[in-house]
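Read-outs throughout are calculated quantities, based only on the coordinates presented, and are distinct from any laboratory measurement. Bear in mind the structure is a predicted one, so any value in this text is a computation, not a measurement. Neighbour counts run over all protein chains shown; Cβ positions are idealised from the backbone, glycine included.
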Ligand SMILES: NC(=O)c1ccc[n+]([C@@H]2O[C@H](COP(=O)([O-])OP(=O)(O)OC[C@H]3O[C@@H](n4cnc5c(N)ncnc54)[C@H](OP(=O)(O)O)[C@@H]3O)[C@@H](O)[C@H]2O)c1
C-alpha cells in the first residue's frame, strides 16, 4: 500500500463503508475517515483482501494529506447540517482544484447553495444521488450526478466503473448543474415510496380481501415478477412474504409492526411537486399513507371508534389477475407523474434533464429498477416531451388494464380496505381525460367571493358573473 490514495471517503456508515469497498474493488486506493475512529479501525480490519487498498486515517489533516492532488473527497454522512459542518472542517485543508462530492441524500436546494458557495471557496463541489441501498453501494448503485460538467467529466470514469451495469451500460449519468442530480434522486425516492405503497395495497387486498395466506401471496408476487411487473421491489415482496421469523417461526410479516419509517425524500418530492405546480397524487398518497401508518395510536382509536376491521371481499369481486393488472396500471400512472415532475423542473430551472437517460440509469442498481423502465427509456427517446401515458406501449397497457384498476379500487372501497395510492392514480387518470372539468364551478365561486374573474368558453369579454343580482 502506498501512502497516497486517489480517492478519499468520509463517513463509514452503511452506505459509506459499502461504497469504499466498491471503489477499492475497482482498483483504487481509498483513504477513509470516520468521526468515530474505532469504526474506521473495525471497518479496515473486516475488509479482508481489500484492506490493502484502504488507507485508514484518524484525523482530517492526515486524511487530506494522504490524497493525491487534485483531491477527490466523497462525503457519505447524514444529509443536512452535518454536510455543511464537514465541508467547513475540510475548507482550510483544501486547495483550488480539490473536489468535494456529496453522495448522501441532500435536499437539492442545499446542493444548489453549496455549489454556489463553492464558487468562492478553495474547492469544487458536486452533488450525486446514489441509489441501491447497501447492496447497491457495494456492488453497483445507480448514480445521478449534478454539478459543473468539468467535475462530472473528471469523476465519470470512477462513477461508471463503480455503478451498476444494464447489459454493459453503466447506470451513472450527468443530470445537469448544481442540485439536478439530487433532485432526480429525490424524485426517484418519491416514485419508490409510491411503488412500495401500491405493492403494499395489493398485498393487503390479497390477505384481507381474498383471504390468501403468506405462501399464496408470495407465489402471486413471484408470478407477477415473471411478467410486465418484473422489478426488484416485486421480487423482494415475494421473498418477504415467504420468510419466517427465526424467533417464533411465524410469517415474518406477521411479527413486523405496521409503522412505516421515512427519512424525508418522499415528503420533499411531494413538497417540490407543489412548488412546481405538478400533480403527483400517487406519490403524495404514498407519503400520507406512511404518515398515517406511523400514527399507530390514532389508528387504534379509529378502529375502536368506528369498528374499521376491513371485511373480506365478496366472492368473485376480484382475482389475482385483476390485482396484477391494477398494479401495472398504477405503476404506469405513478411513473408518468414522476417524469412530468422532472419535465417541469427541467423547464423551470433550465436544467435540460436527460429524461430517457434517467429511465436508462434506473434500469439497474437502484431500488425502483424494473423491466418497464426499458420501455420507458425508449418511449422518452421517441417522443421527448410526450407524457408517458400517451406513449406506447403504456397507452395500450392503460387501455387494457384500466377496467381492472377500477374494479380493484371499487372492491377495496366497498370492503373498507384502504388503497390510497391506487385510488389516487385512478382519480388522476379520470381527471386527465375529463374534457370539461367541474373547475367552472370553482372559477365561478372565486369570482363570486373575490372578483377573481374568469375566461369564457365563447371568448367574449365579460369576465365577471352577475353575482350581485343573485338572491341570497
Ligand atoms: N442507507 C441507505 O439505504 C441509503 C441509500 C441511499 C442514500 N443514503 C444516504 O447516504 C447518507 C449516509 O447514509 P447511511 O445509511 O450510510 O448512514 P449511517 O449508516 O447512519 O452512517 C452515517 C455516517 O455519518 C457519520 N456521521 C454522523 N453524524 C456525523 C457528524 N455529526 N459528523 C461527522 N460524521 C457524522 C457517522 O459516523 P459515526 O460512526 O461517527 O457515527 C457514519 O459514518 C445519508 O445521506 C443517507 O440518506 C442512504
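Distance from the C-alpha centroid of the stretch 395-415 to that of the stretch 66-122: 48 Å, rounded to the whole angstrom. Treating r as the C-beta distance of residue 454 and residue 219 and R0 as 41 Å, the FRET efficiency rounds to 0.15.
Residues 409, 234, arranged from fewest to most other Cβ atoms within 10 angstrom of their Cβ, appear as 409, 234.
Gain in length, residue 352 to residue 35, computed as 0.36 nm per residue apart minus the alpha-carbon separation, to one decimal in nm? Kindly include the intermediate steps, with their values, before the conclusion.
Working: separation 317, 0.36 × 317 = 114.12 nm, distance 3.78 nm.
Gain on stretching residue 352 to residue 35: 110.3 nm.
Distance between the modelled labels on residue 59 and residue 304, one decimal in nanometres: 5.8 nm (7 Å Cα→Cβ projection). Calculated over the chain, the projected area of the Cα convex hull averaged across directions stands at 28.7 nm². Extending 7 Å from Cα along the Cβ direction at residue 250 and again at residue 27 yields two label points whose distance is 5.3 nm. The distance from the alpha carbon centre of the stretch 303-326 to that of the stretch 230-296 is 19 Å, rounded to a whole number.
Across the stretch 7-178, the convex hull enclosing all Cα atoms gives 102 Å³ per residue. Enumerate the residues in the stretch 183-201 having an amide nitrogen under 15 Å from the point lying 7 Å beyond the Cα of residue 134 toward its Cβ. Answer for the stretch 183-201: none. If you plug the beta carbon distance of residue 374 and residue 469 into 1/(1 + (r/R0)^6) with R0 = 51 Å, you get a FRET efficiency near 0.25.
Relative to the compact globular guide of 2.2 N^0.38 Å, what is the alpha carbon radius of gyration of the stretch 186-432, as a ratio? List each step's numbers first, then the result.
Working: Rg = 17.9 Å, N = 247, 2.2 N^0.38 = 17.9 Å.
Normalised Cα radius of gyration, the stretch 186-432: 1.00.
How much length would be gained if the chain were fully extended between residue 45 and residue 295, taking 0.36 nm per residue of separation minus their Cα-Cα distance, in nm to one decimal? Walk me through the intermediate numbers first.
Numbers: separation 250, 0.36 × 250 = 90.00 nm, distance 4.18 nm.
Value of the extension gain: 85.8 nm.
DSSP assigns beta bridges within the stretch 7-178; of those with both partners inside it, close to 25 percent run antiparallel.
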